[in-house]
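Here's the structure, in structure tokens; my notes come after.
Laboratory data are not the source of any read-out in this text; all were calculated from the coordinates shown. Owing to the predicted nature of the structure, the values given are computational and were not obtained by experimental measurement. When we count neighbours, we look across all protein chains shown, and the Cβ atoms used for this are built from the backbone with ideal geometry, even at glycine.
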Amino acid sequence: MDEFPTVRGARASITSSTDQEMGDRMIGEEQPQVAATHRSRPWWRRPRLGIGVLLVAGSVAVGTWAVRSAAAGEPAWVAVRDLAPGAAVSAQDLREVTLRWDGASGTYLAPADLTADSVVTSFVGEGELVPTSALGTTGDVAGRPMAVAVPVGGSPRPGSLVDLWFVPSAGSLESAEAVAADVEVLEITAASGVLGSSSGQVATVLVPEESVADVLGAQARRGEVTLVEHPGG
């Protein structure tokens, strides 16, 4: 009867020993995990994560700058047709655009600069920005529009400068002579019965005040007042 407690005690000893070994083994297996947890670095000290955060922040900043730049700018007018000196100008002759560069303010005509009595004081071509210096009143126009013949082979353009010459008619003893220099061409139209032209075209030019009398005197003589284009004009 005394052997059973001994055997039972031995079994209990073996079981206890086995449980101890398993416990030690489990503790040993858990130690690397605990150590690994202690070796991991905080997120703010990870290079890749830090670079990613910087890239995202940079993209957001660039996007914000682009949106603000697109919305910023100075309003200005562009001519939708040729504008000749002395012609009245209104919003129907212009198209509003936005200029996105420094120095635009004050250089080109803004919507607020246009008034009911505004006229063009210098030629502005279709599609060109309208300078503030090209806007004024009728009294600011330096010259008088006059019609002269375009010679055969001539191809003056609105805005170009030409010289005006008097050419005597056939059989006249007069010689050709210059009557005005550096005259601006305003427009080119078809010749009418009132003013004939060998080319079939007539140019409206802006004759300076001091040359108006000379041009009128030449037109009253036996001959024709015509234009001579500048080289490369």
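Let a ≥ b ≥ c be the square roots of the eigenvalues of the Cα gyration tensor of the stretch 89-153; is it rounded (a/c under 1.5), or, if not, prolate (a/b larger than b/c) or oblate?
Working: a/c = 2.37, a/b = 1.67, b/c = 1.41.
Prolate is the answer for the stretch 89-153, as a/c is 1.5 or above and a/b outweighs b/c.
Restricting attention to the stretch 76-145, which GluC sites (Glu not before Pro) occupy a DSSP loop and are surrounded by at most 14 other Cβ atoms within 10 Å?
Numbers: sites: GLU96, GLU126, GLU128; in loops: GLU126, GLU128.
Those satisfying the criteria are GLU126.
What do you get for chymotrypsin sites (Phe, Trp or Tyr not before Pro) in the stretch 88-171 restricted to DSSP loop and a cutoff of at most 12 other Cβ within 10 Å of the site's Cβ? Please report the intermediate quantities before stating the final value.
On the way: sites: TRP101, TYR108, PHE123, TRP165, PHE166; in loops: TRP101, PHE123.
When the chymotrypsin sites (Phe, Trp or Tyr not before Pro) of the stretch 88-171 are filtered for loop state and at most 12 Cβ neighbours within 10 Å, TRP101 remain.
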